[in-house]
Amino acid sequence: MLKEVSYVPPKVWTWEVDNGGEWASVNRPISGPTHDKELSRGKHPLQLYSLATPNGQKVTIMLEELLELGESGAEYDAFLIRIGKGEQFSSGFVELNPNSKIPALLDTETGTRVFESGAILLYLAEKFGHFLPKDLATRTEALNWLFWLQGSAPYLGGGFGHFYAYAPEKMEYPIDRFTMEAKRQMDVLDKRLTENRYLAGDEYTIADIVTWPWYGNLVLGNLYDAGEFLDVESYTNLRRWAEEILSRPAVQRGRMVNKTSGALSEQLHERHDASDFELRTQDKLEQASDD
Ligand SMILES: N[C@@H](CCC(=O)N[C@@H](CS)C(=O)NCC(=O)O)C(=O)O
């Protein structure tokens, strides 16, 4: 039951530019560019414009997995888009993604733009022929979970994460509602992973790659500082799956790309070459600039 009602919506909503929330300076009720600026271009076939949020990590993990398999055509330049500074609203970025959200990919071989992380993973899986089973039934199961994730994660990020971690005040009603949903979703995954090693069955697929940055990070206690609140220890099958995926070298590399927080040795702001993981993490760059 609601304890008090403090807000009565007006007849017509109007935009209050600073509502005090953490994302107040970037959120807008209109689309399109705010400024003219071309995107940078590197030398590789694939150009990625992103940030290491869970949606961003999906793509860098996928690209590192493809490179791990020896697919040299998956070499990529990863440029940093600082969404807190509004770089997703540049004219160059909006040309790639009219929705102004990272990640966005340009395949320079074909001139194809790809936006929406699920579409990017499907594109890369089809282009290189990996991580999407050929057999129709297993492929469909992988796509079931891929679309499940794309539909479910906004309740976790925009719902639970927003109200638990970012909203200007803690409000019981939305926190309850979205905690309930986040826990229900973890239970869905936990049950699926009781008898299946991976989401689509025996094979590691794009369904696992899109899901790990959200629910893998969450169940390992790495998202929203909410491990104890959500009692993540109790989802034992989901944790087993999350730990197994975290141990993959491509996942460890992919989660570092375009990362701007955490340990400096795990932040690779831009990735243009495989050697960057050894040579260009922020700890090394900052040490070199001190010398
Ligand atoms: N459905 C989109 C969601 C992408 C998304 O929400 N990106 C966020 C970061 S995780 C973003 O760019 N936010 C910037 C903004 O909203 O202005 C996808 O899967 O690619």
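Numbers for the structure displayed
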{"quantity": "Residue identified as among the hydrophobic types (A, V, I, L, M, F, W, C) and away from the ligand (no atom under 13 Å from the Cβ) among L124, L96, L105", "calculated": "L124"}
{"quantity": "Residue check for L80: surrounded by fewer than 18 Cβ atoms within 10 Å (Cβ to Cβ), over 22 Å from I30 (Cβ atoms), in contact with a His (Cβ under 7 Å, 6 or more places away or on another chain) and in contact (Cβ under 8 Å) with a residue 40 or more places away in the chain", "calculated": "no"}
{"quantity": "Subset of the stretch 33-49 (residues that are closer than 17 Å to R82 by Cα and not in a strand (DSSP E or B))", "calculated": "P33, T34, D36, K37, E38, L39, S40, R41"}
{"quantity": "L230 in a loop (DSSP other than H, G, I, E, B) and buried (at least 20 other Cβ atoms within 10 Å of the Cβ)", "calculated": "yes"}
{"quantity": "Selection within the stretch 181-196 - exposed (fewer than 13 other Cβ atoms within 10 Å of the Cβ) and under 22 Å from the mean Cα position of the chain (by Cα)", "calculated": "R184"}
{"quantity": "Selection count, the stretch 100-117, where residues are under 13 Å from G56 (Cβ atoms) and not aliphatic (A, V, I, L, M)", "calculated": "5"}
{"quantity": "The stretch 197-227: number of residues that are loosely packed, with under 15 Cβ neighbours inside 10 Å and under 17 Å from G158 (Cα atoms)", "calculated": "1"}
{"quantity": "Tally of residues being surrounded by 15 or more Cβ atoms within 10 Å (Cβ to Cβ) and in a helix (DSSP H, G or I) across the stretch 249-283", "calculated": "8"}
{"quantity": "Test set (1) crowded, with 18+ Cβ neighbours inside 10 Å; (2) out of contact with any Pro (no Cβ under 7 Å at 6 or more places or on another chain); (3) within 19 Å of S247 (Cβ to Cβ) - L51 fails condition number", "calculated": "(3)"}
{"quantity": "Residue satisfying condition, being closer than 30 Å to P174 by Cα, modelled with pLDDT of 95 or more and in a loop (DSSP other than H, G, I, E, B), within set A24, A52", "calculated": "A52"}
{"quantity": "Filter result (exposed (fewer than 15 other Cβ atoms within 10 Å of the Cβ) and more than 9 Å from the ligand (Cβ to nearest atom)) within the stretch 84-93", "calculated": "K85, S91"}
{"quantity": "Criterion violated by R184 - all others in (1) away from the ligand (no atom under 16 Å from the Cβ); (2) within 21 Å of L121 (Cβ to Cβ) satisfied", "calculated": "(2)"}
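A quick yes/no check of all residues on (1) within 15 Å of the ligand (Cβ to nearest atom); (2) farther than 12 Å from Y49 by Cα; (3) hydroxyl-bearing (S, T, Y); (4) surrounded by fewer than 20 Cβ atoms within 10 Å (Cβ to Cβ):
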| residue | (1), (2), (3), (4) |
| --- | --- |
| L66 | no, yes, no, no |
| G70 | no, yes, no, yes |
| R113 | yes, no, no, yes |
| T138 | no, yes, yes, yes |
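The values are calculated or read from the model by the stated rules, or taken from the named source; none is laboratory data. Only a predicted model underlies this, so the values are computations on that prediction, with no experimental measurement involved. Cβ sites come from the backbone with ideal geometry, for glycine too, and all protein chains shown count toward neighbours.
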